[in-house]
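Below is one structure, written out as structure tokens; the observations come after it.
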Amino acid sequence: MRSLSLILIAPCFCTSGPAIAAPPTVEQVNSALDVAVMAAKNGLPRLSLEALQKSLGDGPPTVSTIPPDTKIVYQGARVNTSVPVPKPPLEAIRDRIPDTIFGLSEFWKQSAQAKDVYLALRDVVLPPGRRTEAFLYSLPVKVSRLQPNRMPRTESVAQALVFWARKADLVNDLHRHLEDRSLKDSPEGILLVLLIALEIRDQSAIEEQSARLLQLLDGGTNRRTAEMVAFVGMNFQRDGQFPEVAAELLHQAGLTIAGLDLLEPEEDSPARAVLLAAARSRFALGQRIEAVELLRQYLAVKVEGRYSASSPGLDSQKLETVGRELYRRGMVADAREVLGQVSADSFERRYRAQGLISHSPSPVTSGGIAPPLAMPATLRSAANIKNRQSVANEIWFCALDIETRQSKLLFTLPDFQSVASLAVSPDGLHIAFDATFPGEAMTSDTQIFIVSLDGTAIRSMGRGTMPSWSPEGRRLVCSRYSPAKGIWIMRAEGGDAQLLDESGWSAQWSPDGRLIAYTRRQDGRSSLIVYDIVEDEFFRVFEGERNPFRQISGSFSWSPDSTQLAFMATMAPAGTNNAEFQVATAHVFGAARPIIAYQQQGSFNAAVEWTPSGRRLVCSPVLPSYGTERLYFLDAEQRTAPVYIQGQEPDRRNTGASWLPDSQTLIYISRPVRK
């Protein structure tokens, strides 16, 4: 087989002349990529790596010997513009290189040595004969039309190189390799240096190289390099250790991409997402003037339709986004100036009607900055309740001491229509939950609220449902219908929401902080998905025939040791009457089948919560003995009868459950029984 590899590859690399070979042609690289793919299909990892290493070791192709396909397709007497024009060979190969490498990476993970992959990709990104250059091989960034404000995941071979360096424990080797090269005039090379410097926390290199990069960008750059600058800026923003660097990179990238869009508009340009991320970075640094100017640039970005016609609907979305950014920071004067009087009046009327803005205007402080606009009076603390009978028709939040078997009324929510999905913050000082006001839909209109445990303050986090705290209490994961349906992660103080999975729903953060579990529906069945934050990988809890469930409910809970999930599910198809619902537990790692802890005919929508000991569950089914929801203990390891939890509020519907850090106080929701 070794001789076969030489026969296949040799025609691609026949060169003569000086020791430093000229860049390959498009045809040579296409042939080498074909060999790499063929080798992978036949289980030959080393051959696939050699093909890439030899074909791109002198840099990317710069010439093609075959003229581009310019065939024009006619429909009747007219040119058929619905048929896309083929890309020129040089543009097509620029996309094929990273596409092929990303596809081969999955094969290499299973069959190649990490060091071999790292060395091959190092020669691709940093060709040995071109010591002043680096080639990132990034794919074009295309934002989703459903979420134009979210910076999509950027993919480049440079990122793959960093991944394999980390996997092979050769990050320091890559760092030394970069130091031996002269990349001070290469924006692409500096971007790679910054990625490695962030990986090893080299603060001096980060400061020096980011300043050099910004200096180079002042002279202009191409779209893909600007997009990679934005990607690196987002990496710094998420890391949180170098906020000034993140703000500067995102600011420059946003302005550059927006400027390129004015010259050559792109329908799926990330300009809006980058400008918004840059503005939020400036806000986080207290640089309000710069942030407001970036929001002006954001509004100036033209939203292109399919036929280059600006969409009024998308333009109104921009106004909505800017309004939210300014009003929630109390910047009323700036909001009215940036949005204009008509748009500002419309924004304020709409959000006062929904209860997001107080009906009385906020007092403006010096500098035209007002305090954040207040929520309406939707909260009644225990100190303001004369007796329980006076609030009998309201929704209660209660604390049940498991040892003394006594419940304490914390506060009530008199103005809400529905409340669910409560989650106590790790410090035990706040409770997150989802709710709707009367007249709102219990789907798309649901908001996430955070209330203090003593019932003295409440604030809205915006649209969303089923919040779950990260263990350090700084972030929330939740589900949203807009601006795109799926799993979102946001800061606990609000803002900077990022979409994790547009196909997922109902996420729960593990106690150790490493995993996020959620459901995903596909081909008529529900899957239980776990996202590993550390490894940046997704996997299914039940693979193939191991999944006995047709539907898995969105209500589930992690065990205290982060190894098991408790959830509700049914084996019946969707829409089946009198379906039998199960409460089950399953190990996330390993092949053990789920344990059915409880099952019941009919509807069962309340949450499941693990006890701090890890031996029992709390849930709230409707049993004949009471006829409404009540809190019960279930054995987590075997099917036994539910055990009524003593001390909960009598003659009320008690649901939901979340533990205070003391491990003996259960917070729950208590509703009136409707006759």
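The values are calculated or read from the model by the stated rules, or taken from the named source; none is laboratory data. Just so we're clear, the structure is a prediction, and the values are computed from it rather than from any experiment. All Cβ positions, even for glycine, are placed from backbone atoms using ideal geometry, and neighbour counts span all protein chains on display.
Table: residues versus (1) among the small types (G, A, S); (2) touching a His at 6+ places or on another chain (Cβ under 6 Å); (3) within 25 Å of Q317 (Cβ to Cβ).
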{"residue": "G233", "(1), (2), (3)": "yes, no, yes"}
{"residue": "V245", "(1), (2), (3)": "no, no, no"}
{"residue": "A258", "(1), (2), (3)": "yes, no, yes"}
{"residue": "E267", "(1), (2), (3)": "no, no, yes"}
{"residue": "R280", "(1), (2), (3)": "no, no, yes"}
{"residue": "F283", "(1), (2), (3)": "no, no, yes"}
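Applying the set (1) touching an Asp or Glu at 6+ places or on another chain (Cβ under 9 Å); (2) in contact (Cβ under 8 Å) with a residue 40 or more places away in the chain; (3) more than 22 Å from S658 (Cβ to Cβ) to L515 leaves exactly one unmet item: (3). Somewhere in segment 54-68, is a residue more than 34 Å from the chain's Cα centre (by Cα), polar (S, T, N, Q), at pLDDT below 90 and under 30 Å from D173 (Cα atoms)? Yes, segment 54-68 has at least one match.
Within segment 262-272, the presence of at least one residue that is among the hydroxyl-bearing types (S, T, Y) and over 20 Å from L192 (Cβ atoms) is confirmed. The residues of segment 566-581 that are touching a Pro at 6+ places or on another chain (Cβ under 9 Å) and either surrounded by fewer than 17 Cβ atoms within 10 Å (Cβ to Cβ) or modelled with pLDDT of 80 or more (or both), listed by number, are F567, A569, M571. Right, P127: part of a loop (DSSP other than H, G, I, E, B), in the same structural domain as D268 (by TED's automatic domain parsing), surrounded by 18 or more Cβ atoms within 10 Å (Cβ to Cβ) and over 21 Å from the mean Cα position of the chain (by Cα) or not? So P127 fits the description; yes. Scanning segment 29-54 for residues that are surrounded by fewer than 21 Cβ atoms within 10 Å (Cβ to Cβ) and either in the same structural domain as V125 (by TED's automatic domain parsing) or among the polar types (S, T, N, Q) (or both) yields a total of 3.
Just to be sure, is V534 assigned to a loop (DSSP other than H, G, I, E, B) and at pLDDT 80 or above? Judged against the criteria, V534 is a match. Does T412 satisfy the criteria of being more than 25 Å from F283 (Cα to Cα), at pLDDT 85 or above, in contact with an Asp or Glu (Cβ under 7 Å, 6 or more places away or on another chain) and among the β-branched types (V, I, T)? When the stated conditions are applied, T412 passes them.
Matching residues to (1) of a type in the set (G, A, S); (2) under 29 Å from the mean Cα position of the chain (by Cα):
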{"position": "R212", "(1), (2)": "no, no"}
{"position": "G233", "(1), (2)": "yes, yes"}
{"position": "V245", "(1), (2)": "no, yes"}
{"position": "L255", "(1), (2)": "no, yes"}
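Can you confirm whether segment 599-607 contains a residue that is crowded, with 21+ Cβ neighbours inside 10 Å and modelled with pLDDT of 75 or more? Yes: one or more hits.
Could you look through segment 183-219, keep only residues that are in contact with a Ser or Thr (Cβ under 8 Å, 6 or more places away or on another chain) and not in a helix (DSSP H, G or I), and pick out the one that is surrounded by the fewest Cβ atoms within 10 Å (Cβ to Cβ)? Within segment 183-219, the match that is surrounded by the fewest Cβ atoms within 10 Å (Cβ to Cβ) is D185. If we scan segment 42-50, do we find a residue that is among the hydroxyl-bearing types (S, T, Y), under 30 Å from K184 (Cα atoms) and at pLDDT 90 or above? No: zero hits. For L409, the test of being over 22 Å from L500 (Cα atoms), touching a residue at least 24 places away in the same chain (Cβ under 8 Å), in contact with a helix residue (DSSP H, G or I) (Cβ under 6 Å, 6 or more places away or on another chain) and assigned to a strand (DSSP E or B) is passed. Number of residues in segment 100-118 that are surrounded by 14 or more Cβ atoms within 10 Å (Cβ to Cβ) and either of a type in the set (G, A, S) or on the phi > 0 side of the Ramachandran plot (or both) equals 3.
Against the condition within 26 Å of the chain's Cα centre (by Cα) and not aromatic (F, W, Y), how does T225 come out, does it pass? It is true that T225 is within 26 Å of the chain's Cα centre (by Cα) and not aromatic (F, W, Y).
Inside segment 220-279, can you point out the residues that are small (G, A, S), modelled with pLDDT of 85 or more and surrounded by fewer than 21 Cβ atoms within 10 Å (Cβ to Cβ)? Listed by number, the list holds a single entry, G259. Set side by side, the residues V608, V618, V643, V673 differ, and just one is without any contact (Cβ under 8 Å) to a residue 12 or more places away in the chain and of a type in the set (A, V, I, L, M), which is V643. Looking at V643, is it of a type outside the set (S, T, Y), farther than 26 Å from L429 by Cβ and in contact with an Asp or Glu (Cβ under 9 Å, 6 or more places away or on another chain)? Criteria met by V643.
The numbered conditions (1) modelled with pLDDT of 70 or more; (2) over 30 Å from A484 (Cβ atoms); (3) aliphatic (A, V, I, L, M); (4) within 32 Å of the chain's Cα centre (by Cα) are all true for A399 except (4).
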